[in-house]
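Engineer: Sharing a structure below in structure tokens format, with a few things to ask.
Just so it is clear, none of the values below were taken in a lab; they were calculated from the coordinates. This structure is a prediction, so every number in the text was calculated from the model and none was measured. Glycine also receives a Cβ, built like all others from the backbone with ideal geometry; neighbour counts cover every protein chain displayed.
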Amino acid sequence: MPKSYSPIRILGIDPGIERLGWAVVEKNAQRETKRIDSGVKKTLKSKEHQVRLLEIYQFLSGLIKNKKPDLVCVEKIFFSKNTKTALTIAEVRGVVLLAAADNRIAIKELTPSELKLAIAGYGLAKKDQVGYVITQELSLPQKHLGDDEIDALALALYGTYGK
């Protein structure tokens, strides 16, 4: 008797304080993967740092409650020449991890090179190569997607692999 398959919904997050990429994809019972929704959450530089982090937390909490993902995939921090940027991304990642934990959602973390290898077959793939694979696998229109949204879609798609 064949093993039954449960649909899975993944939330991919590309952490950033100014622009946070997010995407929700689902692999259904027929094992077809489709984009449910995606976008970029922007915060204003004029707001205090902690207020921006709170805004991101509230956005993510609402998104999780609304879209009901089974898993959150988020990029790990990679070494950066700009320490301030790396620390800020670390803070945003902390907010992402907190929102997922607060809603009892499993978390998968991976580096940008692990993601590129899984999606495009090459750990040093360029953004346009990853974007091409994403548009093909998710049957997206050939409209321009920003880098943050592409990264989030790639992370969400990665979460469906092997499921």
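Engineer: For the chain, what does -39500 (n - 2.57) per DSSP helix run (n ≥ 4), summed and divided by total residues, give at 222 nm, in deg cm²/dmol to the nearest 500?
Structural biologist: Taken over the chain, the calculation gives -14500 deg cm²/dmol.
Engineer: Which of the aspartates and glutamates could a cross-linker bridge to Lys84, judged by Cα under 17 Å and excluding same-chain residues fewer than eight apart?
Structural biologist: Glu18, Glu48
Engineer: Then there's this: At 0.692 mPa s and 37 °C, plugging the Kirkwood radius over alpha-carbon pairs of the stretch 93-160 into Stokes-Einstein gives what diffusion coefficient in µm²/s?
Structural biologist: 256 µm²/s
Engineer: Which entries of Lys34/Lys67; Lys67/Lys108; Lys27/Lys68 have Cα-Cα distances beyond 20 Å here?
Structural biologist: Flagged as over cut-off: nothing, all pairs pass.
Engineer: Run the numbers for Leu117 and Lys34: contour at 0.36 nm per residue of separation, minus the present Cα-Cα distance, in nm.
Structural biologist: Taking 0.36 nm per residue and subtracting the Cα distance, the gain is 27.8 nm.
Engineer: For Tyr161, Tyr132, what ranking results if the residue with the fewest other Cβ atoms within 10 Å of its Cβ goes first?
Structural biologist: Listed from fewest to most nearby Cβ atoms, that is Tyr161, Tyr132.
Engineer: Still on this model: As I understand it, the value is the acute angle between the Cα axis of helix 147-160 and the longest principal axis of the Cα atoms of the chain; what does it come to in degrees, rounded to 10?
Structural biologist: 40 degrees
Engineer: Please report, in Å, the Rg and the Dmax of the stretch 1-80, where both are computed over Cα atoms only.
Structural biologist: 15.5, 60
Engineer: Now, a different point. Pull up the DSSP beta bridges for the stretch 8-160 and report the antiparallel fraction as a percent, rounded to 5.
Structural biologist: Among the beta bridges of the stretch 8-160, antiparallel pairing accounts for roughly 65 percent.
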